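Okay, structure first, notes after.
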Amino acid sequence: MDTKTAQELVNQAIEAREKAYAPYSKFKVGAAILTKNGTVFTGCNIENASYGATICAERAAVCNMIVNGGADPTAIALCYNETEFAVPCGICRQVLSEFSPKGDLIILMAKTDGTYQETTLSALLPSSFKLN
Ligand code: THU
């Protein structure tokens, strides 16, 4: 994808990260999904005292997209710290595959300094589970 659009999406993920509710792990994550019509939906991780009830930033962004009538995600940016390019966890990869059945969703794995690496969902999850 073009550099300007990618950088803007990364910046929105970095901004969303600031809103993370992560009192238990102190590990803040931000995500931003770009849809086909140009709308962006952000998300952050939201933890819970019942740890398993925690929702990741990527899935929070998906929820935000769906409840607001968004569809056809083309790219997602995510970030968590300044040392690693953020990768989505396995559950989030599967959830993203629901909305990118061909796996062509672009994934921008960012650091909090704004640098990023670009990959695709199919590269990270070659065989997603599907119900036929
Ligand atoms: N987390 C995310 O938000 N996304 C991921 O892909 C991996 C993990 C969150 C969940 C939890 O709040 C914290 O990071 C530590 O696991």
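No value in this document is a laboratory result; all are computed from the given coordinates. Please read all numbers here as calculations on a predicted model, not as lab measurements. Don't worry about glycine lacking a Cβ; one is built from the backbone with ideal geometry, like all the others, and counts go over all protein chains shown.
Here residue 33 qualifies as touching a helix residue (DSSP H, G or I) at 6+ places or on another chain (Cβ under 6 Å) and β-branched (Val, Ile, Thr). Screening segment 13-24 for residues that are under 17 Å from residue 82 (Cβ atoms) and not charged (D, E, K, R) and picking the one that is surrounded by the most Cβ atoms within 10 Å (Cβ to Cβ) gives 13.
Taking into account only those residues within segment 76-96 that are of a type outside the set (Val, Ile, Thr) and buried (at least 23 other Cβ atoms within 10 Å of the Cβ), which is farthest from the ligand (Cβ to nearest atom)?
Restricting attention to segment 76-96, the residues satisfying the condition of being of a type outside the set (Val, Ile, Thr) are 77-82, 84-86, 88-90, 92-94, 96.
Still in the running and buried (at least 23 other Cβ atoms within 10 Å of the Cβ): 77-80, 86, 88, 92, 96.
Working: 77: 12, 78: 7, 79: 10, 80: 7, 86: 7, 88: 4, 92: 5, 96: 10 Å.
Out of the qualifying residues, it is 77.
Just one of the listed residues (49, 31) is crowded, with 24+ Cβ neighbours inside 10 Å and touching a residue at least 12 places away in the same chain (Cβ under 8 Å), namely 31.
Answer yes if at least one residue in segment 95-110 is of a type in the set (Asp, Glu), touching a Ser or Thr at 6+ places or on another chain (Cβ under 9 Å) and farther than 16 Å from residue 1 by Cβ, and no otherwise. Yes, because at least one residue in segment 95-110 is of a type in the set (Asp, Glu), touching a Ser or Thr at 6+ places or on another chain (Cβ under 9 Å) and farther than 16 Å from residue 1 by Cβ. Residue 71 passes every criterion in (1) near the ligand (Cβ under 8 Å from one of its atoms); (2) out of contact with any Asp or Glu (no Cβ under 6 Å at 6 or more places or on another chain); (3) in contact (Cβ under 8 Å) with a residue 24 or more places away in the chain apart from (1). Among the residues of segment 29-47, those that are near the ligand (Cβ under 9 Å from one of its atoms) and not aliphatic (A, V, I, L, M) comprise 30, 43, 44, 45, 47. Only one of the numbered conditions (1) under 21 Å from residue 117 (Cα atoms); (2) near the ligand (Cβ under 10 Å from one of its atoms); (3) of a type in the set (S, T, N, Q) is not met by residue 25, and that is (1). Of the listed requirements (1) of a type outside the set (S, T, N, Q); (2) within 13 Å of the ligand (Cβ to nearest atom); (3) over 19 Å from residue 116 (Cα atoms), residue 99 misses just one: (2). Within segment 53-62, identify whether any single residue is more than 11 Å from the ligand (Cβ to nearest atom) and surrounded by fewer than 19 Cβ atoms within 10 Å (Cβ to Cβ), and answer yes or no. No, segment 53-62 has no match at all.
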